[in-house]
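What follows is a set of notes on a single structure, which appears directly below.
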Amino acid sequence: MQAFEFANPSTLQEALGLLGANYSDANILAGGTDELSLLKDNIHHPKRLVNIKSIKALGGITKTATGLRVGATVTVDDLMNNALVRAEFPSLISAARGISSPQIRNMGTVGGDLTLRPRCWYFRNGFGLLAMKEGKSLVVDGQNEYHAIFPEGLAYYVSASSFAPALVALGAKVKIASATGVREVEVAQFFLAPKERGQGESDIKPNEILTEILIPSAKGSKNAIYEVRQKEALDWPLAAAAVSLRMKGNSVESARVVLGHVGPRPVLAEAAGKLLAGKSITEGVAEEAGKAAVAGAKPLSNNGYKVQLAQVAVKRALLEAVKKA
Amino acid sequence: MPNYNWPPMESRRVMGKRVTRLDGIQKASGKAKYNSDVRPAGTIHGVILHSPHAHARIKSVDTSAAEKLEGVTAVRVVAPAGTEIQWAGAEIATVAARTEEIAHDAVRLIKVGYEVLPHLVREDDLSKAGSRAKPAGEAVTGDPDAAFKQADVVHEGVYGIPVITHCCLEPHGQTVAWNGDTVEYFPSTQNVSGIGGDLAKGLQLAAGKVHVHMDNVGGGFGSKFASDLWGLEAAKLSKASGGKPVKMYLDRNPEQTIAGVRPSVYAKIKLAAKKDGTFTAWDSTSWMTGGFAGGGLNADLLPYVYRQVPNRRINHTAVSTNNGAQRAWRAPNHPQVSYITCSALDDLAAKLNMDPLEFFIKNANLTAKPDVYTSQLKKAAELIDWKNQWHPRGDKRAGVIKRGLGLAVGMWGGAGHASQCRTNIHPDGTVEVELGSQDLGTGTRTVIVQVAAESLGLPMNAITLKIGDNSLPVSGASGGSTTVGGVSSSTRISNLNALEKLFEVVAPGLGVPPDQLEAVDGKVQVKGTPAKSLTWKAACQKLGVRTISEMGANDQRNPRGLNTGGVSGVHMADVSVDIETGVVKINKVVAVNDCGLVINPKTAEGQVYGGVIMGICSALMEERVADEGTGRVLNADMEFYKLAGIADIGEIVVHMDITPEHDKRGVVGLGEPATIPTTAAIANACANAIGVRVPTLPLNAKNVLNALNGRRLA
């Protein structure tokens, strides 16, 4: 860890004023469940660390005219136990539960989850987000069992966010603030696949703070997530699928199917969504949707098994969504 | 001379009882101090600079900037220019500084010039090993070629179990300080009596100049016997810093790359049987790596337990890779050879269309202990309801969750190590039992006090036990499951020697010769005559101002029947496999183990629970992921180096095989045999559930789905 200045602002404006033009100027500290590890491992070495947990405006879960507003510093545990969330968003509850460490649920935040750096072991061992050595990807011929089956360009890592697949399926947006104003971005557009060294994995600039998540109401629709996990104890999903189904009676009017942990961004499986439109969810239909969702997968040398996992996750998420309570 | 024999099974008052471990509450509540908690006044911090390259020659090391950093007290070069580095994580230099953060900053200021050389860090594909492969030659008994020709059934398979790490929760390290020309040493060790001399040798000091203290150790599993480079460096940094205590522990990454691993084993195995299930021949070509030095596998153990198969051919190759060296890992060789042997035997039974339980029993005459294995196989089968739950290969029931049963066997030595104990009986009636031993978390403290309470006729709380200090009588390192046999025997002998002295003082007053006295129920009395007695305290008062202090030793050449070696064990597993995701869940593991005379069934069971859990982790999750592209271990952490949590281990049923026959053999160690068969039992249960063998562990989603889909395993 390199020495840094610690700042503890109490307002958003103050916090924004403490950020710089480069990521190395300042990092944001929320739950700290991962940032501290990145600092200690010398992957992040900012000059300043800006704690945003003292900013009251960034907390809280409230009802809005169109749905819910979740503050960026709401903890995973608070989200999981919130009555408004429980009432409409089983996919978020299930994703929260999937973060199977009480310590991380108690400290980690929803904003932190969305901006979680990839778990790629090349990245974590200091080889960078694109894991390049002498102009070649270390991932392609290397230990890629946990890597992308939907890679984008040179980005073979997988998005680490637990909530993103569900939020993309739900059509959620994030609010991002800078000193000059606030913008709203669809969660589906929030994640980026870097094309060259130095680019990040999300649409958040060094001088910006993710302030809140806006989730449209899920009344009249069904949502669910299925994560394939090796362990019950704390572990990252091997693959996940989140679904959001707008229903007309017993059949699907429109569907959004999103794969998680299979690409640098959550993968919106449009073919699966189209296939589901107008159908009732049966085991067979769910199976077909799973196949459609992974049809474009490009697995690497060691991760072909993840194609099946993603396919099964779609099937199980769909069946879970329409399961009678 | 006293009669040192253990009291008869039926008349023991303290031994054999389910006593709760004495340090349990302290450990569970955080009061127990580990040496990584120890921070004497004035402690400064040591940090190591590790090589990022798996194979390189050091061209230059420039420490000038580090030396100038404010707060740095010493910088030492471990690998000077010209040194050839053979694994990533190898130590290049060390720094001591006022704070750990400054020491880390200083390490980053050291400039090292490397000439990077080609490396090999993976051994799973032997064809890529080239000259790094070192065949050990062939060993043949009987006539395997003829036996395969004559066989009714022949099975061939490939099996692999990867390198795993020790993953000690308390990493390797120590605090060391100089006090004049002596050294105060607080290591995390399995070897309290021996490690001080080891450090002294490195420092060119007389052995007695190093004083070792350690109350508790947070895991060793065979990896913490020596003072290691970091012990020596911490001592030298301390000396260079005016003798200040230097605390230096490995970070998690080096802990799992340079502080020891368990070697892998891969094997192509061919084996044969007669139609009736008689196992007739074994032919194995195995390879493994134990790191750069190569290390070895005792391939002569093959086929494991069923070693007396009449025809066998063994070929084994050690591959030297650019990885940190292997160290003993809870039952060196045995879990791996149990896995490859029991998997292959299970596959042979499947090919014979035979229930593996029947097969393992039928061939028990090929083991060293046919009766013991037969009875343990039957007991385990009863506990897991084998008769009703077992089905032939492949669960044919509908649904994606397939359930299966599997079994495996183990064996171990575990005779007591050399151990000396001193018993002090004071005139005030207080008693001290002193040994330079250590409690690795196994319950050693508890069993020593049970033995002393039994031998002296006192309650356990009347005994003060002193361990964890090398100024106490020398006792062996805790390795090879030798501790319990050693310390129980030396304690028994020392206690009775001290008691004999007490009887000599007390006897005249009670009007009988000393050999007519006994110590029971807190009294010294004429044998069988409680009316003619003195309370323990009154008896001790007769000592006047003299303290009795008597030694006792476990002599390995003549353990007097108090301890012995040689144990068996059978584990069975019941697993469920999701054939769509490849995720394996443990429903139940049954463990039947014997360990001779069991001093404390509760702590013995605790050992088996721990052993089974380690076996589950190895079966389902653990592998060191070495990467050819970077030469690094990519999962030297506790995130992608996966270990089971409580929810992952299922139900564990432990049955200690306590019988008069085992009891009369004396005490035998249990720590290692407790883990040996679990992994293989789970692998066989998985094969039974899904109908195909997953040849390479761990049984993770990738390997299970690849096996189900017939994909080549990478």
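The values are calculated or read from the model by the stated rules, or taken from the named source; none is laboratory data. Because the structure is a prediction, the values reported are computed rather than measured. Cβ: placed from backbone, ideal geometry, glycine included. Neighbour counts: every protein chain shown. With ligands, DNA and RNA removed, areas are computed over all heavy atoms of the protein, side chains included. Shrake-Rupley method; radii C 1.70, N 1.55, O 1.52, S 1.80 Å.
Residue by residue, here is whether (1) touching a strand residue (DSSP E or B) at 6+ places or on another chain (Cβ under 6 Å); (2) away from every other protein chain (no Cβ under 11 Å) holds:
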{"position": "A:Ala57", "(1), (2)": "no, yes"}
{"position": "A:Ala72", "(1), (2)": "yes, yes"}
{"position": "A:Val76", "(1), (2)": "no, yes"}
{"position": "A:Ile93", "(1), (2)": "no, yes"}
{"position": "A:Pro102", "(1), (2)": "no, yes"}
{"position": "A:Phe123", "(1), (2)": "no, no"}
{"position": "A:Lys136", "(1), (2)": "no, no"}
{"position": "A:Val139", "(1), (2)": "no, no"}
Within the stretch A:1-38, tally of residues that are aliphatic (A, V, I, L, M), within 20 Å of A:Val110 (Cα to Cα) and within 14 Å of chain B (Cβ to nearest Cβ): 2
Looking only at the stretch A:204-234, and only at residues there that are among the hydroxyl-bearing types (Ser, Thr, Tyr) and either in a strand (DSSP E or B) or crowded, with 24+ Cβ neighbours inside 10 Å (or both), the one that is nearest to the other protein chains (Cβ to nearest Cβ): A:Tyr226
Residue, most open to solvent (accessible area, probe 1.4 Å), within the stretch A:293-310, restricted to residues that are polar (S, T, N, Q) and either in contact with a Lys or Arg (Cβ under 6 Å, 6 or more places away or on another chain) or touching a residue at least 40 places away in the same chain (Cβ under 8 Å) (or both): A:Ser301
Boolean, B:Leu199 is part of a loop (DSSP other than H, G, I, E, B) and either without any contact (Cβ under 8 Å) to a residue 40 or more places away in the chain or more than 30 Å from B:Asn635 (Cβ to Cβ) (or both): no
Answer residue from the stretch A:21-53, given it is of a type in the set (Gly, Ala, Ser) and surrounded by fewer than 14 Cβ atoms within 10 Å (Cβ to Cβ) and is farthest from A:Lys205 (Cα to Cα) among those: A:Ser24
Residue check for B:Val305: under 13 Å from B:Asn333 (Cα atoms), modelled with pLDDT of 95 or more and in contact with a strand residue (DSSP E or B) (Cβ under 7 Å, 6 or more places away or on another chain): yes
Cβ pairs under 8 Å, 6+ apart, first in the stretch B:606-620 and closer than 15 Å to B:Lys642 by Cβ, second among the acidic types (Asp, Glu): B:Ile616/B:Asp648; B:Leu620/B:Asp648
Yes/no for A:Gly67 being out of contact with any Phe, Trp or Tyr (no Cβ under 9 Å at 6 or more places or on another chain) and over 24 Å from B:Thr99 (Cα atoms): yes
Of all residues in the stretch A:235-251 being more than 7 Å from every other protein chain (Cβ to nearest Cβ) and outside any strand (DSSP E or B), the one that is surrounded by the most Cβ atoms within 10 Å (Cβ to Cβ): A:Pro237
Matching residues in the stretch A:106-121 - criterion: being of a type outside the set (D, E, K, R), surrounded by 23 or more Cβ atoms within 10 Å (Cβ to Cβ), in a helix (DSSP H, G or I) and away from every other protein chain (no Cβ under 14 Å): A:Val110, A:Gly111, A:Gly112, A:Leu114
Hits in the stretch B:536-578 (condition: free of Cβ contacts under 8 Å to residues at least 24 places away in the same chain and under 24 Å from B:Leu502 (Cα atoms)): B:Ala538
Unique match (being at pLDDT 95 or above, out of contact with any strand residue (DSSP E or B) (no Cβ under 7 Å at 6 or more places or on another chain), open to solvent by less than 50 Å² (accessible area, probe 1.4 Å) and of a type in the set (A, V, I, L, M)) among B:Val107, B:Val19, B:Val75: B:Val19
Extreme residue, farthest from B:Ser286 (Cα to Cα), among residues of the stretch B:340-391 that are touching a helix residue (DSSP H, G or I) at 6+ places or on another chain (Cβ under 6 Å) and polar (S, T, N, Q): B:Thr374
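Yes/no per residue for (1) in a loop (DSSP other than H, G, I, E, B); (2) touching a Pro at 6+ places or on another chain (Cβ under 8 Å); (3) among the polar types (S, T, N, Q):
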site	(1), (2), (3)
B:Pro118	yes, no, no
B:Ser127	no, no, yes
B:Glu138	no, no, no
B:Ala146	no, no, no
B:Lys149	no, no, no
B:His155	no, no, no
B:Val158	no, yes, no
